[in-house]
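Let me begin by handing over the structure; questions about it come next.
Each value in this text was obtained by applying a stated rule to the coordinates, not by laboratory testing. Bear in mind the structure is a predicted one, so any value in this text is a computation, not a measurement. Cβ placement follows ideal geometry from the backbone for every residue including glycine, while neighbour counts extend to all protein chains displayed.
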């Protein structure tokens, strides 16, 4: 039996959230969230604690009621249905496995309460464990499994009921970095194999960018930007997205003619029609390069390397300009040529940047 046959999931359905609003004791958690997931798509909701991402997932699951708005599965309004009538599979940060049940029994539990025949539910549970790579661990108890294995059992349990929609709420947060990376890839493999429409909630930027077809960045109950991971990172729509997703240099300059001039260097703007005047440019570290060739004379973009942080294939270099510091990210082979103490001149890639006005910005680091 192939993994796809084992999953026997229904064709992915469109999931639509329409103007969802939810508040708690007068505090707004969701402020008119609208979002559509295409059939079979994996969308990650990303944001800091309290941004509304988990509230959104709980409204989709039917664990809470919205103050207003609608939730639609495949064109069907499920807003008024309780969780057990919504046909969703859910995986949470806590594995929530029964310690007295073997792995296959945990997977079969949802089928048991749905009155699936004993023989069928055991076979389906075994098939699901094969799908997540745990077939040979079917008779082990949770205490005999690692954290990553327990979370895979939880994923198998969620899929065993053949749901229309899969909801994953911070499923990797309790795991160490290496296990988290492996399980993230495993979840994506299974999701693609089964073809199920999936909402993945996380506060981890790397996790969201690595696993999702599209990422929705949330702040204060609103969707700041929704798009493919490359667009979210390379073309952030707002200063909040730029700051939250990846590192950003904040560099003071003057806007004029659709560009911002920073220490004599001119960089184009994402929105060139903004008014002229002082502003802070948000510049990614990988858009900064270091020039070391020839004689380096003093100037506003000349500084001294004060730290080199090895990150594997790439390294992050901190340059002191005297009145500010700037981060540059580059291949480790290039960074090795600029150890601490090296005098360098900064250059900027010609990528359009976002700006913040001084009154909008947090204290600038550069």
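How far apart, in nanometres, would the label points at residue 357 and residue 136 be if each is projected 7 angstrom from Cα along the Cα-to-Cβ direction?
With each label point 7 Å from Cα toward Cβ, the separation is 6.4 nm.
What is the spin-label model distance, in nm, from residue 310 to residue 25 if the labels are put 7 Å beyond Cα along the C-beta direction?
Once both label points are built, they end up 5.1 nm from each other.
Roughly what % of DSSP beta bridges within the stretch 15-239 run antiparallel, to the nearest 5?
50
Take each of the peptides 265-277, 88-100, average the number of other beta-carbon atoms within 10 Å over its residues, and list them starting from the highest.
The most tightly packed comes first, giving 88-100, 265-277.
Please find the FRET efficiency linking residue 144 to residue 261, where r is the Cβ-Cβ separation and R0 is fixed at 56 Å, and quote it to the nearest 0.05.
For residue 144 and residue 261, the calculated efficiency is 0.35.
Once you keep just the Cα pairs under 8 angstrom separated by 6 or more residues, what percentage relative contact order results for the stretch 88-222?
Averaging sequence separation for qualifying contacts and normalising by length gives 30 percent for the stretch 88-222.
With N set to the number of residues, divide the alpha-carbon radius of gyration of the chain by 2.2 N^0.38 Å and report two decimals.
Computed over Cα atoms of the chain, the ratio equals 1.18.
Please identify, among 217, 245, 288, the residue showing maximal mean-square fluctuation in a Gaussian network model of the chain using a 10 angstrom Cα cutoff.
288
Another question about this same structure. Efficiency by 1/(1 + (r/R0)^6): what FRET value for residue 247 and residue 293, r their Cβ-Cβ distance, R0 = 25 Å, to the nearest 0.05?
Working from the Cβ atoms, E equals 0.45.
Could you pull out which residues in the stretch 126-154 have an amide N less than 13 Å from a spot 7 Å beyond the Cα of residue 185, following the Cα-Cβ vector?
Answer for this model: none.
Now a separate question. Dividing the alpha-carbon Rg of the stretch 75-147 by 2.2 N^0.38 Å yields what?
Compactness ratio reported: 1.26.
If I model a spin label as a point 7 Å beyond the Cα along the Cα-Cβ vector, how far apart are those points for residue 68 and residue 85 in nm?
It works out to 2.4 nm between the two label points.
Something else now. Enter the per residue convex hull volume of the stretch 247-356, computed from alpha-carbon coordinates, in Å³ rounded to the nearest integer.
97
Oh, and also: Return the whole-Å distance between the Cα centroid of the stretch 247-279 and the Cα centroid of the stretch 134-178.
48
What does the extension gain come out to for residue 113 and residue 320, with contour length at 0.36 nm per residue minus their alpha carbon separation?
Result for the pair: 68.2 nm of gain on full extension.
Can you give the Rg to Rh ratio of the stretch 51-180, both from alpha-carbon atoms, with Rh computed by the Kirkwood formula?
1.00
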